[in-house]
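S.K.: Input: one structure, supplied below.
The values are calculated or read from the model by the stated rules, or taken from the named source; none is laboratory data. As the structure is a computational prediction, the values presented were derived from the model and not from experiment. Virtual Cβ from ideal backbone geometry, glycine too; neighbours counted across all protein chains shown. When the accessible area is computed, the model is the full protein with side chains, heavy atoms only, and any ligands, DNA or RNA have been set aside. Shrake-Rupley method; radii C 1.70, N 1.55, O 1.52, S 1.80 Å.
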Amino acid sequence: MQNIEFIKMHGLGNDFVIIDRRLKKINISKKLIHKLSDRKSGAGCDQLITINNKLSNDHDVFIKIYNPGGDRAEACGNGTRCIAKLLFNESNRSELKIKSDAGILLSKKIDNNNISVNLGKLSHHWQKIPLAKKINTLNIPIYIDGFSPGVAVNIGNPHVVFFGNNINKVDLSSIGPTIENNKLFPNKTNVEIIEKVNDSKIKMRVWERGVGITLACGSGACAAVYAGILKNLLKNKVEVELEKGSLFINIKNNEAIMIGPAEISFRGEIESI
């Protein structure tokens, strides 16, 4: 039976199991995803990511991102930073182009701990998110007590952002799946609840589509800052405080650039299923 090597990594607690398929073809079955993702019987992770050979010459590697249920996610900012760290460690390069289902993301090595990722264009057009019908995306008619109506945006994947106070008092495990599966979102949605500290700093909690509550979400942090700019609440450079640290987001020319750390937790192997 084939042993499959993997690397466990995290970005501010948002954790991933990474399998390198560039030199060895490895079948990524739903059973394998379920086992590796399980925090009791496997390595445990929010998402499993595979590194694959490039599909063309306009990028360096192609990554596939899997939720614990086996479904694919289009983009993951923290996961992309983790992949970039591995690739920077194996080369002397300081820039890489990483292709995901959301497009090609430019990653840059800032220092030994921090990596920037350009997550690309943002949109709040209802069809881009997508929504099931045309409504005002800056005032989505979904309500959380003590929070403003949602702001729906897309950054390669869909998000709905809510601004209010006392985010730690919100029962995110209850409202998260309800909002994720709201009929307004045909592809479901990620959910961010935001507490503004000032116009250059926010606190964030996130319910990640197909995953649940996660300690961090890179694309969610970008979506939150973009939503805050649209609502005239935030500047274009913002610190996003999460449970285990901060991400730094810059919205420039309608693109989101994120800077944050990525760490290797451990390496291991598992028998194929």
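S.K.: In whole Hz, with x marking every Gly and Pro, tabulate ³J(HN,Hα) for segment 2-18 from phi via Karplus 6.51 cos²θ - 1.76 cosθ + 1.60, θ = phi - 60°.
M.R.: My calculation for segment 2-18 gives 6, 8, 10, 7, 9, 10, 9, 9, 8, x, 6, x, 6, 10, 9, 9, 10 Hz in order.
S.K.: Nearest-5 percent of antiparallel DSSP beta bridges in segment 1-129?
M.R.: Expressed as a percentage, antiparallel bridges in segment 1-129 total about 75.
S.K.: Where a ≥ b ≥ c are the square roots of the eigenvalues of the C-alpha gyration tensor, would you call segment 1-79 rounded, which needs a/c under 1.5, or, failing that, prolate if a/b is larger than b/c, or oblate?
M.R.: Oblate, since a/c reaches 1.5 and b/c is not below a/b.
S.K.: Treating segment 77-202 as a set of equal point scatterers at the Cα positions, no solvent, please give the Debye-formula log₁₀ I(q)/I(0) at q = 0.15 Å⁻¹.
M.R.: -0.82
S.K.: From the C-alpha coordinates alone, can you work out the Kirkwood hydrodynamic radius of segment 1-140, in Å?
M.R.: 16.3 Å
S.K.: Right, something else. Have a look at A132, A224, A216 and tell me which one the Gaussian network model of the chain (Cα, springs below 10 Å) gives the largest fluctuation.
M.R.: Among A132, A224, A216, the largest GNM mean-square fluctuation belongs to A132.
S.K.: Which label marks the calculated value of Rg and Dmax of the Cα atoms in Å, given the options [x] 17.9, 57; [y] 26.3, 74; [z] 17.6, 52?
M.R.: Checked against the structure: label [x].
S.K.: Which residues' amide hydrogens lie under 5 Å from the amide hydrogen of I4, considering only partners 5 or more residues apart or on another chain, with H built in the peptide plane?
M.R.: When sequence neighbours closer than 5 places are left aside, the close amide H contacts are I270, E271, S272.
S.K.: May I pose another question? Taking loop as defined by DSSP and a crowding limit of 16 other beta carbons within 10 Å, which chymotrypsin sites (Phe, Trp or Tyr not before Pro) in segment 101-173 fit?
M.R.: Within segment 101-173, the qualifying chymotrypsin sites (Phe, Trp or Tyr not before Pro) (loop, at most 16 other Cβ atoms within 10 Å) are Y143.
S.K.: With a 1.4 Å probe and all protein chains kept in place, how much accessible area does E255 have, in Å² rounded to the nearest 10?
M.R.: 60 Å²
S.K.: Could you give the angle, 0 to 90 degrees to the nearest 10, between helix 77-89's Cα long axis and the longest principal axis of the Cα atoms of the chain?
M.R.: The two axes meet at around 30 degrees.
S.K.: Give a residue-ordered list of calculated ³J(HN,Hα) values for segment 115-120 (Karplus: 6.51 cos²θ - 1.76 cosθ + 1.60, θ = phi - 60°; whole Hz; x for Gly, Pro).
M.R.: 9, 9, 10, 8, 7, x
S.K.: Which trypsin sites (Lys or Arg not before Pro) from segment 12-60 combine a DSSP loop assignment with at most 14 other Cβ atoms within 10 Å?
M.R.: R22, K24, K25, R39, K40, K54
S.K.: Let me check I've understood the local charge: for D145, count other residues with C-beta under 13 angstrom from its C-beta, Lys and Arg +1, Asp and Glu -1. What total comes out?
M.R.: Local charge sum for D145: 0.
S.K.: Still on this structure: If you place +1 on the Cβ of every Lys and Arg, -1 on the Cβ of every Asp and Glu, and leave all else neutral, what size is the dipole of segment 177-273 about its Cα centre, to the nearest 20 Debye?
M.R.: 440 debye
S.K.: Also, I was wondering about something else. Can you give me the relative contact order of the chain as a percent, contacts being Cα pairs under 8 Å and 6 or more apart?
M.R.: 21 percent
S.K.: Continuing with the same structure: Trypsin sites (Lys or Arg not before Pro) within segment 114-212: which are DSSP loop residues with at most 11 other Cβ atoms inside 10 Å?
M.R.: K133, K134, K183
S.K.: Now, a different point. For segment 36-98, report the translational diffusion coefficient in µm²/s to the nearest whole number, using Stokes-Einstein at 25 °C, 0.890 mPa s, and a Kirkwood Rh over Cα pairs.
M.R.: Value of D from the Cα-based Kirkwood radius: 192 µm²/s.
S.K.: In segment 166-273, how does Rg compare with the Kirkwood Rh, expressed as the Rg/Rh ratio over alpha carbon atoms?
M.R.: 1.03
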